[in-house]
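See structure below.
Readers should treat all values here as calculations from the given coordinates under stated rules, not as data from a laboratory. These numbers come from a predicted model, not from an experiment. Cβ placement follows ideal geometry from the backbone for every residue including glycine, while neighbour counts extend to all protein chains displayed.
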Amino acid sequence: MGGGTVGHLSLASKGGLMTIARTVSVALGCLALVPLASRPARAQLCAGLPSLSEQPVIVTADLAQSKGAWSVGSGFTAGRSLFAGAYAERTTYRDVSFAATQADTRSIDVGGGVGYEIRVGQAGVCPVATGQWESGPDGMFGGTRLNSDGWTVGAGLSAGGTLVRGGAWRVIPYASATFERVASTVHDVPFAGTDSRAHDTGWVFSFGVGVGFGPRITVAPSLSVPSGIEGGETTFGLSLNVGLGR
């Protein structure tokens, strides 16, 4: 999803999990390993937001959209130079193949991350680490319910800086690169009686800009592009961020 709280991973890498899951054969077809374009753990200037040195808590609501899925969620980031965050979201995968039928299916994701902001004038650089657990997506195959879950871990670097600041306005572009490992398990596969597992690794590159309205509210559109993750999809994100505290 978009640039918001520290813990967000993304739909971009999730598309890869769905492709990998095809190794489950007829079980889930094109379903399983998917985070929508990794939201790397980041916050503050390196995510297009005001520094936590000014507002030690940032709460976020965001939306992400890729070709095959979309998600909505919320979370928070807290700290100063050293920061941590957590989030939860609901992801919907569109037109997933289940045997001869197609249907939407959903999952619940929870995650978090930690990072450290290094200030360089009006810019900030943040090394970050993240983790996410996904429950689902689930579906039916030949009258049997298929349950899946997965996880994503990532580490990378994010950087951003204030380009425009005047009166109540501010514009903070940012970019990040995160290396991720994604994994998924489909449980009790029909006709096999065993679990089917898949995993992949690759990079997710994210770009965005935070536009501030007043001292506390920032809207941040973003674009995340996966590389090396099979089936990964470019993801567009939009987040609304509100700073709290002083």
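Points worth noting:
- For Leu146, Leu45, Leu157, order by how many other beta-carbon atoms lie within 10 Å, fewest first: Leu157, Leu146, Leu45
- Cα-Cα separations in region 194-240 greater than 13 Å, expressed as whole percent: 65 percent
- Sorted by Cβ density within 10 Å, fewest first, the residues Asp95, Asp149: Asp95, Asp149
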